[in-house]
Amino acid sequence: SNFWTGESFEEELAVEDSSVRMGRISSGRAPVLASHRDFSLRSQIGVVERAWLSDGKGHATIRLSGREEVAPIAQDIRDRIVRNVSVGYVVHKFEKLPPDERSEGLQIYRAIDWEPHEISPAPIGFTSTDT
């Protein structure tokens, strides 16, 4: 929901080459953050080495830090305990779509120009809807 207006809506990200600005995330410098925390350097647990879109999905190769406090997260990823990721992004342009069954009657705002800027291992991951 919109923090300022209180309006509830469904947000959807278009995952197509023409909709996603991949420059920042595929630059080799985008951070891997612990649950989107970006308030200190210790929150950066790795770096996105490479990112790309294929078949309506985002993919990435990441490198995790060798710091001692990151080791448990890295181990949980290797053990497939942590299996989800979420993406931090900025939307440059939305398209307003009418409510449907999937949105349970809520207005749909579909990001048709957006830019991912970080990836976070997360308990609940990013999901996309192909249209």
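The values are calculated or read from the model by the stated rules, or taken from the named source; none is laboratory data. Treat the numbers as computed from the prediction; the structure is a model and nothing was measured. FYI the Cβ positions are ideal-geometry reconstructions off the backbone, even for glycines, and counts take in every protein chain you see. We work out accessible area using only protein heavy atoms, side chains counted, and drop any ligands, DNA or RNA first. Shrake-Rupley method; radii C 1.70, N 1.55, O 1.52, S 1.80 Å.
Details
- Test: residue in the stretch 20-29 that is under 18 Å from F94 (Cα atoms) and not aliphatic (A, V, I, L, M): yes
- Restricting attention to the stretch 31-76, the residues that are more than 22 Å from A14 (Cα to Cα), among the aromatic types (F, W, Y) and touching a strand residue (DSSP E or B) at 6+ places or on another chain (Cβ under 8 Å) total 0.
- Members of the stretch 12-21 that are assigned to a loop (DSSP other than H, G, I, E, B) and within 15 Å of the chain's Cα centre (by Cα): A14, V15, E16, S19, R21
- Qualifying residue in the stretch 58-69 (condition: part of a loop (DSSP other than H, G, I, E, B), out of contact with any helix residue (DSSP H, G or I) (no Cβ under 8 Å at 6 or more places or on another chain) and modelled with pLDDT under 95): no
- The number of residues in the stretch 70-79 that are closer than 29 Å to E16 by Cβ and assigned to a loop (DSSP other than H, G, I, E, B) comes to 0.
- Single residue of R24, R37, R50, R42 found to be surrounded by 12 or more Cβ atoms within 10 Å (Cβ to Cβ), part of a strand (DSSP E or B) and of a type in the set (D, E, K, R): R50
- Qualifying residue in the stretch 62-85 (condition: closer than 30 Å to G105 by Cβ, in contact (Cβ under 8 Å) with a residue 60 or more places away in the chain, open to solvent by less than 80 Å² (accessible area, probe 1.4 Å) and within 15 Å of the chain's Cα centre (by Cα)): no
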